[in-house]
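Presented below is the structure to which this report refers.
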Amino acid sequence: MKNCLVIFGLFLGSLALAQPAEPSFEDLSAERTHRASTALQQQQSFENSMVNAFKEGSADKIARYFIDNVDLSIDGKEDLYSKSQAEQILKNFFAAHKPKDFKIIHKGTSGQSEYFIGELTSDKTYKVTLNSKNVAGIKKISSLTISEN
């Protein structure tokens, strides 16, 4: 019995001193690929959400992505608004100009922010410029401009 305890103790001691294996190049490459594909999925999900929200004229779905204070410009009226104020202004815009269609016509990055330019078809055609940035890993809208095309 004493021998079994000694052997068991040696076995536990060797486990405690064991070092984890170094990650292989393949493991690191797979991790980078996973992160890149996750970022791409998040980008596509954000864009799809915005396209659908603009098509529906859903101010509340767009406002979910606003930062606390968003730079909003609609038909030349521009100011820094709280999230709830910006949502209300956007809601009023959609009530007056019921959307028929929305499509992204250009997208890109500038520094640490991403942007897209879209075309909103309503009673008139509007150019939509949306700037977003990552806040704690979540895309948030920092500025939104809607102007008559």
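Restricting the stretch 86-140 to residues that are part of a loop (DSSP other than H, G, I, E, B) and of a type in the set (S, T, N, Q) leaves a set whose member that is most open to solvent (accessible area, probe 1.4 Å) is GLN112.
Considering LEU80, LEU72, the condition of being in contact with an Asp or Glu (Cβ under 6 Å, 6 or more places away or on another chain) and part of a strand (DSSP E or B) is satisfied by LEU80 alone. Scanning the stretch 56-79 for residues that are open to solvent by 80 Å² or more (accessible area, probe 1.4 Å) and among the polar types (S, T, N, Q) yields a total of 1.
Each residue in the stretch 63-116 was checked for being farther than 26 Å from ALA136 by Cβ and β-branched (Val, Ile, Thr), and 2 pass.
Cβ-Cβ contacts under 8 Å between residues 6 or more apart (or on different chains), taken from a first residue in the stretch 48-67 that is closer than 18 Å to ALA95 by Cα and of a type in the set (Val, Ile, Thr) to a second residue that is in a helix (DSSP H, G or I) and open to solvent by 30 Å² or more (accessible area, probe 1.4 Å), are listed as ILE62/GLU87. The listed residues are SER73, SER45, and the only one of them that is over 13 Å from the mean Cα position of the chain (by Cα), hydroxyl-bearing (Ser, Thr, Tyr) and at pLDDT 65 or above turns out to be SER73. Scanning the stretch 114-149 for residues that are among the hydrophobic types (A, V, I, L, M, F, W, C), in contact with a Ser or Thr (Cβ under 6 Å, 6 or more places away or on another chain) and closer than 18 Å to ILE67 by Cα yields a single hit, ILE141.
The values are calculated or read from the model by the stated rules, or taken from the named source; none is laboratory data. Fair warning: this is a prediction, and the values are worked out from it, not measured in the lab. Neighbour counts are summed over all protein chains in view; Cβ atoms, including those assigned to glycine, are modelled from backbone coordinates with ideal geometry. These accessible areas exclude ligands, DNA and RNA; they are computed on the full protein's heavy atoms, side chains included. Shrake-Rupley method; radii C 1.70, N 1.55, O 1.52, S 1.80 Å.
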